[in-house]
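The values are calculated or read from the model by the stated rules, or taken from the named source; none is laboratory data. It should be emphasised that the depicted structure is a prediction, and the values quoted were computed from it without experimental measurement. Here the Cβ positions follow ideal geometry from the backbone for every residue, glycine too, while neighbour counts run over all protein chains shown. In case anyone asks, the SASA skips ligands and DNA or RNA and just uses the protein heavy atoms, side chains included. Shrake-Rupley method; radii C 1.70, N 1.55, O 1.52, S 1.80 Å.
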Amino acid sequence: MGRSSSRLDGLHQTRDETESWARRRTSAAGLATRSKIVLAAAEGRSNTEVAAWLGVSRPTVTTWRSRFAEHRLDGLVDEPRPGRPRTVTDEQVERLVVLTLETTPADATHWSTRSMAAHLGMSQTTVSRVWRAFGLAPHKTDSWKLSKDPLFVDKVRDVVGLYLDPPERALVLCVDEKTQIQALDRTQPVFLMLPGSPARASHDYVRNGTSSLYAALDITTGKVIGSLHARHRAVEFGKFLRTLDREVPAELDVHLVLDNASTHKTPAIRRWLAAHPRFVLHFTPTSSSWLNLVERWFAELTTKKLRRSTHRSVRALNADVRAWIKTWNDDPKPYVWTKTADEILDSVAHYCKRITDSGH
């Protein structure tokens with residue numbers, strides 16, 4: 001009587017566990033299906049009925065019924081998959097990663113999959129897989145430059161403060177010049193895009209003159225005031241200031257965010273600013289053009305209009321740029337600054353610490 005009771009308890013426990021696998025949301029789909037196959041078979045259904053009910057093949061039902069009959073619950077768990085066993089040890093992977101990060105080959109500035117494979121006696125495919133797994137790309141490099149401006153902290157706080165909390169009854173404009181915009185015409189006709197083939201243009205071109213664009217981006221609305229000139233001097237910058245003076249309502253102060261170019265600080269400019277006290281200049285730190293939002297707008301102008309356009313004259317170039325600015329102002333999109341000055345300065349401090357710790 002005791003053995004029979006123990007056997008029945010075991011069967012009940014097995015059934016309960018199988019039903020749990022079949023119902024649990026976190027169970028793998030394959031394990032849940034196998035559990036349902038066993039439970040349906042226990043109800044007396046035929047292999048054909050079970051296959052039709054679960055949408056699997058009849059041999060699948062037969063396989064998992066046999067596995068369960070032989071190994072019980074263990075038979076429903078995945079077996080190790082067939083195939084070639086792992087040949088690269090954890091120590092070899094570690095050595096590969098360390099060599100990639102800390103050394104260079106004798107005849108090059110960086111490792112390639114082929115040179116590293118030859119150095120370690122591995123296959124090129126193995127090196128490539130390990131690099132992908134650890135996010136390593138020795139062939140790529142990014143550029144950076146750290147500002148040496150002695151007033152870097154003060155200028156960052158000043159400019160970012162304007163972005164995050166603009167003064168009342170004032171307009172904040174990000175100002176800069178995009179100089180030497182070339183009127184380029186390709187030497188051959190441009191082939192339009194076709195299915196399966198991108199647009200194609202000759203790599204060489206004819207230069208037809210240059211133009212310089214002065215632009216002021218309103219950080220609140222995203223609208224742009226632009227002015228095109230043949231040259232890039234303090235004289236042209238003075239003309240642009242007078243344009244801003246006409247465009248901005250007289251009752252508003254004007255805060256200009258701009259860089260430290262010498263054309264912004266000549267005696268003539270200083271005299272004009274003294275005569276127009278509503279204009280207040282806020283200089284970005286040296287080598288910190290990323291702090292001026294109008295640079296982001298210049299990038300849009302370049303990628304969406306200038307880079308793939310052709311112009312046979314400066315007049316045509318200027319007309320194209322003016323039309324693009326007008327279209328932009330019909331539906332302007334302001335850029336929203338999100339980082340505080342403290343977050344920026346903390347990030348710079350962390351980067352400086354990385355440079356110091358690395359021994360540079």
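Okay, here's what the table says:
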quantity	calculated
The chain, accessible area per residue, ligands and nucleic acids excluded (1.4 Å, Å²)	65
Fraction of accessible area attributable to carbon and sulfur, segment 272-325 (%, probe 1.4 Å)	53
Residue among Thr109, Gly55, Leu96 farthest towards the positive dipole end of the chain, charges placed on Cβ	Gly55
Whole-number percent relative contact order across the chain, with pairs defined as alpha carbons under 8 Å at least 6 apart	14
Carbon plus sulfur fraction of accessible area for segment 150-228, probe 1.4 Å, in percent	54
Under Karplus coefficients 6.51, -1.76 and 1.60, residue-wise ³J(HN,Hα) of segment 250-263 in Hz, glycine/proline x	5, 7, 9, 6, 10, 9, 9, 9, 8, 8, 9, 4, 5, 5
The chain - mean residue ellipticity at 222 nm from DSSP helices (-39,500 (n - 2.57) per run, n ≥ 4, rounded to 500)	-15000 deg cm²/dmol
Chain lengthening between Ser66 and Arg296 when straightened (0.36 nm per residue, less Cα-Cα)	76.2 nm
Relative contact order (%) - criterion: Cα under 8 Å, at least six apart; region: segment 30-179	12
5 angstrom amide H check on Val254, placed H, neighbours 5+ away	Leu171, Phe279, Val280
Projected label distance in nm at Arg242 and Arg207, using a 7 Å step from Cα toward the beta-carbon	3.0
Positive-end extreme of charge dipole, segment 229-311 - chosen from Ala299, Ala275, Leu256 (charges on Cβ)	Ala299
Reachable lysines from Lys223, criterion Cα separation under 29 angstrom, eight or more residues apart if same chain	Lys155, Lys178, Lys239, Lys265, Lys304, Lys305, Lys326, Lys333, Lys339
Antiparallel %, DSSP beta bridges [both residues in the chain], to 5	65
Net charge dipole size for segment 225-280 [Lys, Arg +1 and Asp, Glu -1 on Cβ; Debye, nearest 20]	320
5 angstrom amide H check on Asp176, placed H, neighbours 5+ away	Ala215
Rh (Kirkwood; distinct C-alpha pairs) - the chain, Å	28.3
Fraction of the pair-distance distribution of segment 172-236 above 14 Å, Cα-Cα pairs, percent	69
